[in-house]
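Working notes for the structure below.
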Amino acid sequence: MLKLGLTGGIASGKSVVGEMFVKLGAHLIQADAVAHWLMEPGRAVYEEVVRRFGCEILNLDGSINRPKLAEAAFGKPGGGAPRVKELNEIVHPAVIAHENEWMEEIGQRDPHAIAVVEAALIFESGAAGRFDRLIVVTCRPEQRVLRFARRLGISEDAARAEVTRRMAAQIPDEEKIKAADFVIDNSRSLDFTEQQVQRVFAALRLHERELHHKY
């Protein structure tokens, strides 16, 4: 089995690329979805996040309000210091443990599988070493802003401020690209992106077969 890390900055198109890999036969897990699940009321991660960040981040039903948590973690103009590192120290170990269990299960079911973990902070969390191959998705800075604005239904100015704030807590694309095995440029058409995904998948399949015959 090949373990593939799929990463990139905010609104680069990781999820789009991940779904393209699924269409070709890969298995996919999304770190953000795992984090959402872990932060559901009653789970250990939820309890610790609320203990550290306070009941101010909760909705009326007790669930975590993601925008409020993001504001508390990344900070806001004129507010206190960002606490994103503190949040990551709570969430990342649990997310990584869940992903590792998932990959183990996939490998047992299908020894020839390509298991893809889509996560924004693979490098930042120090988790890059657990993957056989790393893919970085990129796009132009202004595209991030436009895509983020559309996704959240907010103004471009608000989106630009939020993208800038979040990117400040991430390793620059240039550094990620240097460490990547493959780079997918998602700044043009979806067809162009899909062609790149198909080429990468073919290379991964070839590598998986070579590994299988070797062992």
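Restricting 86, 71, 99 to those that are among the acidic types (Asp, Glu), under 19 Å from residue 168 (Cβ atoms) and in contact (Cβ under 8 Å) with a residue 24 or more places away in the chain reduces the list to 86. Cβ-Cβ distances below 7 Å connect the following pairs, each with a first residue in segment 157-172 that is closer than 21 Å to residue 183 by Cβ, a second residue that is surrounded by 15 or more Cβ atoms within 10 Å (Cβ to Cβ) and among the acidic types (Asp, Glu), and a separation of six or more residues or different chains: 170/124; 171/124. Just one of (1) closer than 23 Å to residue 23 by Cα; (2) in contact with a strand residue (DSSP E or B) (Cβ under 6 Å, 6 or more places away or on another chain) fails for residue 176. It is (1). Helices (runs of 4 or more DSSP H) fully within segment 30-143 that include at least 1 residues being farther than 30 Å from residue 194 by Cα, among the charged types (D, E, K, R) and within 17 Å of the chain's Cα centre (by Cα): 66-74, 84-109. If you go through segment 1-17 and keep only what is closer than 22 Å to residue 93 by Cα and not in a strand (DSSP E or B), you end up with 9, 10, 14, 15.
Does segment 124-132 include one or more residues that are touching a residue at least 12 places away in the same chain (Cβ under 8 Å) and of a type in the set (S, T, N, Q)? Yes, there is a match, as at least one residue in segment 124-132 is touching a residue at least 12 places away in the same chain (Cβ under 8 Å) and of a type in the set (S, T, N, Q). Looking across 42, 18, one residue alone is among the small types (Gly, Ala, Ser) and surrounded by 12 or more Cβ atoms within 10 Å (Cβ to Cβ). It is 18.
Each value in this text was obtained by applying a stated rule to the coordinates, not by laboratory testing. All values reported here derive from a predicted model rather than from experimental measurement. Heads up, the Cβs are rebuilt from the backbone with ideal geometry, glycines too, and the neighbour counts pull from every protein chain shown.
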